[in-house]
Protein chains: 2
Amino acid sequence: MKIGELAAHTGTTAKTIRFYEQSGLMPEPTRRPSGYRDYSTEFIERLHFIRRAQAAGLSLRDIRQVLAIHDRGEAPCGHVRGVLGQRLDQVRAQIAELITLETHLEALLAHAEQDNDTDHDSSTVCWILESEPDNA
Amino acid sequence: MKIGELAAHTGTTAKTIRFYEQSGLMPEPTRRPSGYRDYSTEFIERLHFIRRAQAAGLSLRDIRQVLAIHDRGEAPCGHVRGVLGQRLDQVRAQIAELITLETHLEALLAHAEQDNDTDHDSSTVCWILESEPDNA
DNA sequence: CTTGACTTTCCAGCGTACTGGAAGGTTGAC
DNA sequence: GTCAACCTTCCAGTACGCTGGAAAGTCAAG
């Protein structure tokens, strides 16, 4: 199977697969006499795994670690649980931050609608942004 | 006022101020005979404005636009309202995405706790990640 | 006068996950 | 044989907001 075919099977591109190989996510496949990469079907599953891990919000760095454990012949499941837990914490922290920001933006916009053409203090750039956020 | 003093007054660094100048956010100040930048107090307010705008989640690109309008002598408030509205939409979209991801991660982790040592299908890297997310 | 803290410019790199393009070799159908 | 569509390597760039460092000049205190 050539690289373009593997890409078509997995919804990626040849470029990305070469990039993954260079990044240590995909092992080097055998080569045809011409130099073309020749993939066996196992590479499909590996690529699908990478995509699922990305869908779970894992970074390529995380995925590389998991795959390295797998390639040593160990079951990476414990590690995967840990990484997923950490990622969940991160995601929750991000959500909290964004909700804070959302609140701040809503407050600014409410403020912006109230005072329409008053308060044009020429010393400032724009009075709408004069208030500091409550927490950050 | 030298650049380091301005930085100290506004909680930034001299590096950052030079970067803002180069990025078109801060105008070029006058120079002393030695070549040192010499800032008047108005620059403090401008830098504070930049920080407030950043706290509202605006990008430097957005801020540059707002400041450009201000520097033309127009009141940028209408534009600011628009940018804040767009940013609020973005933030809400991001929150929705992250909540989807959070749900997915929770499902995976719940799945991971249930089946402890069963299902070790050696053909896959890790069974925990076998399920696709529901929507993405 | 010396010393150390400050300033100047310029160029380069961080991290993330790719993507684009150049210059060339291979394959397969017609 | 010839043509397009594929493949190869390598280098560089994208977006974002800085940050680090080198080499040189300036300022203020002691």
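I need a count of the residues in the stretch B:6-19 that are surrounded by 11 or more Cβ atoms within 10 Å (Cβ to Cβ) and in contact (Cβ under 8 Å) with a residue 40 or more places away in the chain. Of the residues in the stretch B:6-19, 2 are surrounded by 11 or more Cβ atoms within 10 Å (Cβ to Cβ) and in contact (Cβ under 8 Å) with a residue 40 or more places away in the chain.
Selection of the stretch B:1-59 for residues being away from chain A (no Cβ under 12 Å), of a type in the set (V, I, T) and either outside any helix (DSSP H, G or I) or away from DNA strand C (no atom under 12 Å from the Cβ) (or both) yields B:T10, B:T12, B:T13, B:T30. Exactly one condition in (1) buried (at least 16 other Cβ atoms within 10 Å of the Cβ); (2) within 13 Å of DNA strand C (Cβ to nearest atom); (3) within 26 Å of A:D89 (Cβ to Cβ) is false for A:P76; which is it? Unmet condition: (2).
Assigned by TED's automatic domain parsing to the domain that holds B:M1, of a type outside the set (F, W, Y) and assigned to a loop (DSSP other than H, G, I, E, B) - does that describe any residue in the stretch B:62-69?
Residues of the stretch B:62-69 assigned by TED's automatic domain parsing to the domain that holds B:M1: B:62-69.
Now restrict to residues that are of a type outside the set (F, W, Y): B:62-69.
Now drop any that are not assigned to a loop (DSSP other than H, G, I, E, B), which leaves none.
Checked the stretch B:62-69: no residue is assigned by TED's automatic domain parsing to the domain that holds B:M1, of a type outside the set (F, W, Y) and assigned to a loop (DSSP other than H, G, I, E, B).
In the set A:A112, A:A93, only one residue is loosely packed, with under 12 Cβ neighbours inside 10 Å and either hydrophobic (A, V, I, L, M, F, W, C) or modelled with pLDDT of 90 or more (or both); that residue is A:A93. Please pick out the residue among B:H70, B:H104, B:H79 that is at the interface with chain A (Cβ under 7 Å from one of its Cβ atoms) and within 24 Å of the chain's Cα centre (by Cα). When all the criteria are applied, what remains is B:H70. The set of residues in the stretch A:33-67 that are among the hydroxyl-bearing types (S, T, Y) and either in contact (Cβ under 8 Å) with a residue 40 or more places away in the chain or away from DNA strand D (no atom under 16 Å from the Cβ) (or both) contains only A:T41.
The values are calculated or read from the model by the stated rules, or taken from the named source; none is laboratory data. Since we're looking at a predicted model, the values are computed, not measured. Note that we place each Cβ from the backbone using ideal geometry, even for glycine, and neighbour counts take in every protein chain shown.
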